[in-house]
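Please treat every number below as a calculation from the coordinates, not as lab data. Fair warning: this is a prediction, and the values are worked out from it, not measured in the lab. Using ideal geometry, Cβ is built from the backbone for each residue, glycine included, and neighbour counts are taken over all protein chains shown.
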Amino acid sequence: MIFMNYLNAHNYIFKRLAFIDVPNAGNFVRRCWKNLSTLRNGETAVCIVGSGPAGFYTAQYLLKFHQSIHVDIYEKLPVPFGLVRYGVAPDHPETKNCINQFTATVKNERCQFFGNVNIGKDILLKELKSCYDAVILCYGAQNDRKLEIPGEDTHGVYSARSFVEWYNGLPASRELMPDLSSETAVILGQGNVALDVSRILLKPVSMLEQTDISEYALKALRESKVRKVYVVGRRGPRQTSFTIKELREMLKLPGCRSVFEREDFLPLNERLSEVPRQKRRLLELLCKTALNPPEHETCSFTKEFKLKFCRSPVEILRSEMGNVSGIKFEVNNLIEDPHGSVRAEGSGKIEILNCGLIFRSIGYRSTTIDDDLPFDNERGVISCETNNGHVTGMPGIYCCGWARTGPSGVILATLNEGRETAKIVVDDINKGNVPDIRTENKGFLAISAILESRGIKPVFFEQWERIDACEQLLGSGRGKPREKITDTEYLLELAHGVKECTNDK
Ligand SMILES: Cc1cc2nc3c(=O)[nH]c(=O)nc-3n(C[C@H](O)[C@H](O)[C@H](O)COP(=O)(O)OP(=O)(O)OC[C@H]3O[C@@H](n4cnc5c(N)ncnc54)[C@H](O)[C@@H]3O)c2cc1C
Ligand SMILES: NC(=O)c1ccc[n+]([C@@H]2O[C@H](COP(=O)([O-])OP(=O)(O)OC[C@H]3O[C@@H](n4cnc5c(N)ncnc54)[C@H](OP(=O)(O)O)[C@@H]3O)[C@@H](O)[C@H]2O)c1
């Protein structure tokens, strides 16, 4: 049996050399040898779908908790790291340091990365399941919530998600080219994504020039006419979901004045001592800014950051030309239930705010990737048994990260969740609770044959490193840490050694 597996793998390696580019043959052979050792030892093959923080942290702990597990990470994009690359703001480079840890994980002899493989499309979940002892779905939340109000599709209304993807260089969103010709922008929702979008719109462009923001976004921001940004919430100051660090950054933006309504904060200021400590610091800062504006403003402000509360969007208004001209809000009253949760209730009073640009920033949303997957459409999450990471009715399939919890929580939360998920999976493996895989070859060896028959060429981690080196080179010429390549075809050509790194793209 061991000999047969050895022979299979041996034949496989030499057959596949034709399937890949010659410069990468050495790496490929090394990768296949990793897989060969899986077969020889009859070890456990686990795969992860999605290479964001949840995927990488789960892989890290699987490798730590079980010494004979092999972990394959499948990613639909040609490049790894999920929202760390395409979500985290370009002016927060320190947040992206987790990439070093992720890279160390994938360099482990027992871990491999396969980009450009869309699970649910290129490989079905049942095919994946038939080749791995356990499958962990960490594919995040790729969509966003809609307001479902009239006018939402008007020119000048964008989802914060696509705007973020646009300035971060996601190939699928590079054509967005948002119309920034209006002086007033409204952002709906008061979370950290709303503050990221506000900061990118209001920050002096000179402070973004040396970040990894896409060059086309820098150009558009230089020409932007946006001077005033309203961040509007349906509930009150106590219910905002942005955090103090991100608020402080807004308050310190050079050339930008923060203008908050005194009336929104006067009653709150009287009752600050009743607020739990963590939230109190944020509210103190908001109250201080609203109630004690500087008497003598020493520098000239050209931009304004405004917060508005207790307003629910009910209709987006459009000009005769078909562009956004304003937004209609209903003023809300806040109703507190006996358990302390607070909901917004429309008062019937309507207000109009004129603006030419609107961002919907009311949260991302996950979707199903495969017809076989049980999915809770209402909550937008994979259906789990007892909410512990076992996918309902699918033994051996688990989920973790935003695909499981919904679109909230920071990177650190995915570390904790990844560790918990890895513990559950390893426990199941040790107790023999994962279904027996009966295919002759398992792991990537088996999947690779299917991929080849479908004409899909995966991107290995070493091939991503070629892209990485090229992006860093392109960025260095502009004083940036990297210039992201935003053309998928070129990313693949570069990865597979078909094209060299050039400045033309
Ligand atoms: C705009 C924004 C900014 C943020 N900034 C910060 C910050 O500064 N600090 C912080 O701590 N947190 C931040 N967060 C939160 C953080 O990004 C998330 O907590 C974290 O990324 C969730 O990890 P995940 O792995 O579940 O999802 P993701 O990071 O989205 O990773 C999912 C991966 O799965 C891949 N995938 C999807 N479908 C498939 C498929 N069918 N087949 C294969 N692969 C697939 C995706 O391409 C992606 O690479 C931010 C979030 C957003 C939206
Ligand atoms: N720097 C960072 O650390 C950073 C940066 C970006 C993102 N993140 C994290 O990523 C996660 C996602 O952030 P997010 O900003 O997308 O989500 P979020 O924190 O959940 O904020 C969503 C906002 O949208 C509002 N909202 C939802 N539905 C609405 C509706 N129908 N009408 C009007 N308003 C509505 C919510 O108000 P209600 O409360 O009333 O529902 C809330 O203010 C968060 O955990 C965040 O902390 C972190």
The simple spin-label model distance between Glu148 and Ser206, using points 7 Å out along Cα→Cβ, in nm, is 4.8
Checked the range 145-364 with the C-alpha gyration tensor, a ≥ b ≥ c its square-rooted eigenvalues, rounded below a/c of 1.5, otherwise prolate if a/b is larger than b/c and oblate if not; verdict oblate
Toy charge model, Lys and Arg Cβ at +1, Asp and Glu Cβ at -1: the chain dipole around Cα centroid in debye, rounded to 20, equals 820
Checked the chain against the a/c 1.5 cut and the a/b vs b/c comparison, axes a ≥ b ≥ c from its Cα gyration tensor; verdict prolate
Descending packing, highest mean Cβ count within 10 Å first, for 216-226, 345-355 is 216-226, 345-355
Calc'd 3J(HN,Hα), the range 319-329, phi into Karplus 6.51 cos²θ - 1.76 cosθ + 1.60 (θ = phi - 60°), Hz, glycine/Pro = x, comes to 7, 4, 6, x, 8, 4, 10, x, 9, 9, 10
With Cα coordinates, the longest principal axis of the chain makes an angle with the long axis of helix 277-291, in degrees rounded to 10, of 40
Summed over the other residues with a beta carbon less than 10 angstrom from that of Ser361, with K and R at +1 and D and E at -1, the charge totals +1
Sequence order, the range 375-387: Karplus ³J(HN,Hα) from phi using 6.51 cos²θ - 1.76 cosθ + 1.60, θ = phi - 60°, Hz rounded, Gly and Pro as x, gives 9, 8, 5, 5, 7, x, 9, 5, 6, 10, 6, 6, 6
Calculated from DSSP helices alone, with each H run of at least 4 adding -39500 (n - 2.57) and the total divided by the residues of the chain, [θ]222 nm to the nearest 500 comes to -11000 deg cm²/dmol
Flagged as over-length at 27 Å C-alpha distance, from Lys146/Lys219; Lys129/Lys423; Lys306/Lys349; Lys245/Lys308, the pairs are Lys146/Lys219
Computed over the range 277-337, the relative contact order (Cα-Cα under 8 Å, seq sep at least six) in percent reads 23
If one compares the long axis through the Cα atoms of helix 53-65 with the longest principal axis of the Cα atoms of the chain, the angle in degrees, nearest 10, works out at 40
Taking Cα atoms only, helix 192-202 is inclined relative to the longest principal axis of the chain by an angle, in degrees rounded to 10, of 70
Reduced to Cα centres, the span from the range 149-214 to the range 436-493 in Å works out to 28
With the 8 Å Cα cutoff and a minimum separation of six or more residues, the range 326-398 has a relative contact order in percent of 19
Expected sort for 481-492, 253-264, 465-476 on mean C-beta neighbours within 10 Å, highest first, is 481-492, 465-476, 253-264
Mean Cβ-within-10 Å packing, highest first, puts peptides 444-455, 46-57 in the order 46-57, 444-455
With the 8 Å Cα cutoff and a minimum separation of six or more residues, the chain has a relative contact order in percent of 23
Sequence order, the range 468-476: Karplus ³J(HN,Hα) from phi using 6.51 cos²θ - 1.76 cosθ + 1.60, θ = phi - 60°, Hz rounded, Gly and Pro as x, gives 4, 5, 5, 4, 5, 5, 4, x, 4
Net charge near Asn332 (other residues with Cβ under 10 Å of its Cβ; Lys, Arg +1; Asp, Glu -1) is +3
